[in-house]
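See structure below.
The values are calculated or read from the model by the stated rules, or taken from the named source; none is laboratory data. It should be emphasised that the depicted structure is a prediction, and the values quoted were computed from it without experimental measurement. Don't worry about glycine lacking a Cβ; one is built from the backbone with ideal geometry, like all the others, and counts go over all protein chains shown. Protein only, heavy atoms only, side chains kept; ligands, DNA and RNA dropped before computing areas. Shrake-Rupley method; radii C 1.70, N 1.55, O 1.52, S 1.80 Å.
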Amino acid sequence: MRVLNICNLKGGVGKTITSVNLAYVIAHVHKKRVLIVDNDKQGNTSKFFGAHSYDHPSVADLMTGAKSVKDVIRKSIHAGIDCIPANMTLLSANKAVLMDTMHPQQTRLKTAITAVAEEYDYCIIDNAPDENMSVINALAAGDDVIIPVKVDQFTFDGVDEMIQCVRQVRDNFNERLTFRGCVITSYRGNEVNVQGAAYLKQMEKYRLMQTHISWTAKVDESTFAARPIMAHSPRCWAARDYKRLAREYLTMIGDPCAAPAEGKG
Ligand SMILES: Nc1ncnc2c1ncn2[C@@H]1O[C@H](COP(=O)(O)OP(=O)(O)OP(=O)(O)O)[C@@H](O)[C@H]1O
Ligand SMILES: [Mg+2]
């Protein structure tokens, strides 16, 4: 199981939309078994997959060790994708982990998901806009990191810190962890976007991915419908772009299945 982290310290840049849609494309177009982990107390990814609840165990229970991963995983409403949901209980779980210095604190999520590593091809983790214990755990469990960025006045806020955090986790807990690049989301092709993209591209440290995700009103609509964009509006620009992004990522990591399965994509 290959573990991809989607993270950025900044909120509202498209982390959840990117996680949900990459998961959907990798499952439906590339026919992989996908586990999506909602690692944000807001629970937005869980809502997309019909898995948000306070009656069912969540990622918080993996952090505290209260439940085993098999008790927490839920079948999602989309074939080929299972979900580890999150809800507000993650807040107190993070505090509990911080207090509990008697047990390893940074590798709890890794230990939990390793138990199902043979059951999935890809695991995609949607992170909170934070560098909290949950995010550190996600990075310690990961192979790859993609940072979504939205080109605006505050684009670069936190990106350097996030890259630094990835480096620290790699040096201390997980030598496999690789920063794969930034991806521009909500791209409108106006002057600000074009200049911002050119700047990001020229700064090698950001490893700007070739694919930009176009802005389209259909994405907001898809959040109300709680459906990935490919299911909601398969022909819109963002649906096309997420297919490209999945292919770019799969090619980058050398997955021979980067070409979509017959008749799809
Ligand atoms: N390509 C796009 N086109 C139009 N709107 C978009 C696009 N991508 C994301 N959005 C919108 O931007 C908002 C933020 O997206 P999203 O929830 O994915 O961000 P986030 O980084 O996960 O936020 P948070 O930090 O709060 O978890 C949402 O309303 C979403 O619909
Ligand atoms: Mg989010």
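Conditions tested, residue by residue: (1) part of a loop (DSSP other than H, G, I, E, B); (2) within 16 Å of ligand 2 (Cβ to nearest atom); (3) surrounded by 14 or more Cβ atoms within 10 Å (Cβ to Cβ); (4) in contact (Cβ under 8 Å) with a residue 60 or more places away in the chain.
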{"residue": "Gln42", "(1), (2), (3), (4)": "yes, yes, yes, yes"}
{"residue": "Ser46", "(1), (2), (3), (4)": "no, yes, yes, no"}
{"residue": "Ala51", "(1), (2), (3), (4)": "yes, yes, yes, no"}
{"residue": "Ala60", "(1), (2), (3), (4)": "no, no, yes, no"}
{"residue": "Asp82", "(1), (2), (3), (4)": "no, no, yes, no"}
{"residue": "Ala96", "(1), (2), (3), (4)": "no, no, yes, no"}
{"residue": "Ala112", "(1), (2), (3), (4)": "no, no, yes, no"}
{"residue": "Glu118", "(1), (2), (3), (4)": "no, no, no, yes"}
Practice item. Give the stretch 3-37 a look and list any residue that's more than 10 Å from ligand 1 (Cβ to nearest atom) and under 14 Å from Ala138 (Cβ atoms), or say none. Key: Val3, Leu4, Asn5, Leu35, Ile36, Val37
Exercise for review: Could you please let me know if Ile77 is aliphatic (A, V, I, L, M), open to solvent by 30 Å² or more (accessible area, probe 1.4 Å) and touching an Asp or Glu at 6+ places or on another chain (Cβ under 7 Å)?
Suggested key: no
Study note, to complete from the structure: Scanning the stretch 94-128 residue by residue, those under 25 Å from Val34 (Cα atoms) and either in contact with an Asp or Glu (Cβ under 8 Å, 6 or more places away or on another chain) or of a type in the set (Gly, Ala, Ser) (or both) turn out to be Ala112, Ala115, Ala117, Tyr120, Asp126, Asn127, Ala128
Point to revise | Residue list for the stretch 1-40, restricted to those being open to solvent by 50 Å² or more (accessible area, probe 1.4 Å) and within 11 Å of ligand 2 (Cβ to nearest atom) | key: Gly12
